[in-house]
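The values are calculated or read from the model by the stated rules, or taken from the named source; none is laboratory data. Since the model is a prediction, treat every value here as computed from it, not as a measurement. Methodologically, a virtual Cβ is constructed for each residue, glycine included, from the backbone with ideal geometry; neighbour enumeration extends over all protein chains shown. With ligands, DNA and RNA removed, areas are computed over all heavy atoms of the protein, side chains included. Shrake-Rupley method; radii C 1.70, N 1.55, O 1.52, S 1.80 Å.
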Amino acid sequence: MLQSLQMASGMTDTQIFGDKKYLVARSVYSVPAFQEINEKKKVAPKPLRKRMKFWCTSERALKAAKSVFPVIDWLPKYRWKEWFIFDLISGISTGFVGTLQGLAFALLAAVPAGYGLYSSFFPVLTYFFLGTSRHISVGPFPVISLMVATVVLRMAPDENFIVANSTGLNGSVIDTEARDAARVLVSGTLSFLIGIIQLVLGALQFGFIVRYLADPLVRGFTTAAAFQVVVSQIILMLNVPAGNHSGVFSVIYKIVDISSNIAKTNFADLIAGILTLVICVVVKELNERYKNILRVPIPIEVIVAIIATGISYGANLKETYDVAIVQKIPSGFIPPMTPDMSMAPQMIGSAFSIGIIAYIVAVSLGKVYAIKYNYVIDGNQEFIAFGMSNMLGGAFSCVCATTALSRTAVQESTGGKTQIAGLISAITIMIAMLSIGTYLEPLQKSVLAGILIANLKGMFLQVLDVPRLWKLNKWDLAIWVFSCAASFLLDLDLGLPISLAFGLFTVLLRIQFPSCSSLGNVPGTDLYKDLKKYKSAVEPSGIKIIRFSSSIFYGNVESFKNGIRSLVGCDAVRIFNKRAKAEQKLNKLIKKRQVTQNGVIRDNTSADDEGDLESHVALKVHEEVVRHDLQMEEEKIHVDLPVSASVPKVSLHSIIFDFSQVTFLDVVAVDALKMILREFKMIDVNVYIAGCDDNVFEKLEDFSFFDKTFKPDICFVSIHDAVLYIEDCRGLKNNRQLQDQE
């Protein structure tokens, strides 16, 4: 109907709705009057017997089982004929990519490459049963691997494994076998501890914790991590000697090492790395551009790795050019290990940071695909799923698991429907571990570095957030820049908590200094808008309407007071004190018979007395003027005196606080509010509260805000109710004064 009307008239939506009018006739309501007429519901809690009556039923037991093991819910509904072929193709494709990424991410985590394959296999098995996302590919992720490397290098540095050897440099070499074993133990223990933390947070329903990690913070953090990954991978691409730095400014030390040893670059590794990077970036761009044409994206990582491995093996690059290769990839499964929990106190802080970031990355990506395919993921269950996955992975020496963006994109774009595709990818990786893995041993590390950097394109593009946030919100920009800079310079472990603290600090600043505006009425309506923003808004005569755009608590109560003083244009206490002081001095002069009761100076008053009396007499006269004309402006008042005085007139008779945006008050705020009302009462200015939420009104009652002086009737359901009430009262008062004069 509306559409046909619009087409017939040629009018826009704005024009049509702008002509609509409505008329409401009702009484003016204070909050107590409204509650008296509209009785509030009383919600009585159910007796314990009724709440427990239907607790233990088969339906509840099945529902609880489905919430803990989501596979029970979706697997029986699986459409084998329609979906399995897609999941099969998707799983095999993702498995090939996951095999190579596992090798690359393991090197990034400072553990032998083969353990990356385990990290892409074991966590998937647990997530298949416990996870709620149907599309994410579980396994290592470059940012998380880099954070793991920080802990590994800190707890198992090369210096701890130097052994004497007369043929080595300076008579010593590094026992790489012992070092790698120690680093695998640290990595596995860290994963196990991360799993415990995630499991506990999930059991305690702490899924809400991610709300405190704002999107600008996470994007700034991951951008810094991407640049740190690039620095670490450049070392592999150049194959130059560099120290295993960790901690504050570690990335700077790495850059210094690269610069000082640039002359020792291995050009065979450099050429292989650059070619890999360029080819992968170009083909990935083609995959993205022609994704509607290509049913299956070109698995360029797999193709490049196979070709590079063949060239390295055929040309014997290790012996000929001394290139760095993957070397040993263990064949088959390794026995489970016992995590060394004595390390827990040294890594608990890092484990918490890594666990939270790993969870955020996985859940954020999972929600994207859940929205796209119209299903729901459970944040708390995801904590439990990844907790169990990392505990299992830690027992098998895995790097902390989350999800990789590129691997998940492959799984989804190749037609993956459910976690059946993830299970098939794990089987593909298992085959690689059992048979194919050993054939990848001649693969150059610089090729893996090129593959890894090519997969960071999405994170590098996050730099474009800076100009966008500059236009949208300066606070979010500050969080993004601070998070990126702190994480890049101070290392990821320290950068995350510092960035989180900064983000919360900006929230505190925004709450502590909220906007305080003066409102005016849009003529002919009951709407009240900011006077600075709307030309049509008109301030009611003698009434100041103040909106405070925040809850009021001990941290911003001073801002509340200052905002009121600024908008009202005077300090009530100061005016009251001046009046009181003037009255005292005037009374003294009356007693001395230098001034009459009407404020007229006697003829025998000296010139000095006249100068001393100027301000006091003027203030006395001002009180009389305020009582009669109540005009709002400053002007000179000329009276029949030997002196002329400039008197600041407080012509306001009422102030309305718009509390429609105030969601809570604390004890300090209530005490301050009561003091403000008393101060204005002393100078004959009445204060009212409008738009007060029921919960806020109840808090005012609980904190004994109302008394004989300030009754609940000062609270109104809307600004317009308060204005109409004030104008009605002022009209009655003026009528009485006219009748008295007659």
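Some observations on this one:
- Residues (assigned to a loop (DSSP other than H, G, I, E, B) and basic (Lys, Arg)) located in the range 519-545: Lys532, Lys533, Lys535
- Matching residues, the range 546-569, being polar (S, T, N, Q), open to solvent by 30 Å² or more (accessible area, probe 1.4 Å) and outside any loop (DSSP other than H, G, I, E, B): Asn562, Ser566
Condition check ((1) within 13 Å of Leu217 (Cα to Cα); (2) free of Cβ contacts under 8 Å to residues at least 40 places away in the same chain; (3) in contact with a helix residue (DSSP H, G or I) (Cβ under 7 Å, 6 or more places away or on another chain)) across all residues:
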site: Lys471; (1), (2), (3): no, yes, no
site: Ser483; (1), (2), (3): yes, no, yes
site: Ser499; (1), (2), (3): yes, no, yes
site: Gly503; (1), (2), (3): yes, no, yes
site: Ile543; (1), (2), (3): no, no, yes
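- Scanning the range 233-254 for residues that are touching a Lys or Arg at 6+ places or on another chain (Cβ under 9 Å) and loosely packed, with under 14 Cβ neighbours inside 10 Å, we see that the one that is modelled with the lowest pLDDT is Gly247.
- Number of residues in the range 255-296 that are part of a loop (DSSP other than H, G, I, E, B) and either under 34 Å from the mean Cα position of the chain (by Cα) or surrounded by fewer than 16 Cβ atoms within 10 Å (Cβ to Cβ) (or both) equals 9.
- Of the residues making up the range 70-94, just one is under 19 Å from Ser389 (Cβ atoms) and either exposed (fewer than 14 other Cβ atoms within 10 Å of the Cβ) or touching a strand residue (DSSP E or B) at 6+ places or on another chain (Cβ under 7 Å) (or both), namely Ile72.
- Comparison of Leu461, Leu448 shows that the only residue that is among the hydrophobic types (A, V, I, L, M, F, W, C) and without any contact (Cβ under 8 Å) to a residue 60 or more places away in the chain is Leu461.
- Flag for Ala344 being in contact with a helix residue (DSSP H, G or I) (Cβ under 8 Å, 6 or more places away or on another chain) and within 25 Å of Phe96 (Cα to Cα): no
- Residues of the range 248-261 that turn out to be in contact with a helix residue (DSSP H, G or I) (Cβ under 7 Å, 6 or more places away or on another chain) and without any contact (Cβ under 8 Å) to a residue 40 or more places away in the chain, as a count: 3
- Selection from the range 214-232 of residues that are of a type in the set (Lys, Arg) and open to solvent by less than 20 Å² (accessible area, probe 1.4 Å): none
- Selection over the range 631-660 of residues that are in a loop (DSSP other than H, G, I, E, B), of a type outside the set (A, V, I, L, M) and either open to solvent by less than 80 Å² (accessible area, probe 1.4 Å) or modelled with pLDDT of 90 or more (or both) gives a count of 7.
- Restricting attention to the range 712-742, the residues that are open to solvent by 70 Å² or more (accessible area, probe 1.4 Å) and modelled with pLDDT of 90 or more total 3.
- Within the range 332-370, considering residues that are among the polar types (S, T, N, Q) and free of Cβ contacts under 8 Å to residues at least 60 places away in the same chain, the one most open to solvent (accessible area, probe 1.4 Å): Thr338
- Just one of the listed residues (Leu199, Leu125, Leu185) is within 30 Å of Trp480 (Cα to Cα) and either modelled with pLDDT of 90 or more or assigned to a helix (DSSP H, G or I) (or both), and it is Leu199.
- Condition met for Leu62 (open to solvent by 60 Å² or more (accessible area, probe 1.4 Å), assigned to a helix (DSSP H, G or I), hydrophobic (A, V, I, L, M, F, W, C) and within 25 Å of Gly379 (Cα to Cα)): yes
- Yes/no for Tyr321 being aromatic (Phe, Trp, Tyr), open to solvent by 80 Å² or more (accessible area, probe 1.4 Å) and under 34 Å from the mean Cα position of the chain (by Cα): no
- Condition check for Ala344: modelled with pLDDT of 90 or more, part of a helix (DSSP H, G or I), hydrophobic (A, V, I, L, M, F, W, C) and within 22 Å of Leu452 (Cβ to Cβ): no
- Residue that is surrounded by fewer than 24 Cβ atoms within 10 Å (Cβ to Cβ) and either within 25 Å of the chain's Cα centre (by Cα) or not aromatic (Phe, Trp, Tyr) (or both), where the choices are Ile162, Ile194: Ile162
- Number of positions in the range 391-417 that are in a loop (DSSP other than H, G, I, E, B) and crowded, with 24+ Cβ neighbours inside 10 Å: 7
- Any hit, the range 128-150, residues being in contact with a Gly (Cβ under 7 Å, 6 or more places away or on another chain), among the aromatic types (Phe, Trp, Tyr) and open to solvent by less than 10 Å² (accessible area, probe 1.4 Å): no
- The set of residues from the range 514-530 being touching a residue at least 24 places away in the same chain (Cβ under 8 Å) and loosely packed, with under 15 Cβ neighbours inside 10 Å comprises Ser515, Asp526.
- Enumeration of residues in the range 711-733 that are outside any helix (DSSP H, G or I), closer than 28 Å to Val538 by Cα and touching a helix residue (DSSP H, G or I) at 6+ places or on another chain (Cβ under 9 Å): Cys715, Phe716, Val717
- Any hit, the range 490-509, residues being open to solvent by less than 10 Å² (accessible area, probe 1.4 Å), acidic (Asp, Glu) and either within 25 Å of Val229 (Cα to Cα) or touching a strand residue (DSSP E or B) at 6+ places or on another chain (Cβ under 7 Å) (or both): yes
- Matching residues, the range 143-162, being more than 16 Å from Leu496 (Cβ to Cβ), touching a strand residue (DSSP E or B) at 6+ places or on another chain (Cβ under 8 Å) and in a helix (DSSP H, G or I): Asp158, Phe161
- Residue check for Gly379: of a type outside the set (Phe, Trp, Tyr) and in contact with a strand residue (DSSP E or B) (Cβ under 9 Å, 6 or more places away or on another chain): no
- For Arg289, the requirement of being closer than 21 Å to Thr408 by Cβ and at pLDDT below 85 is not met.
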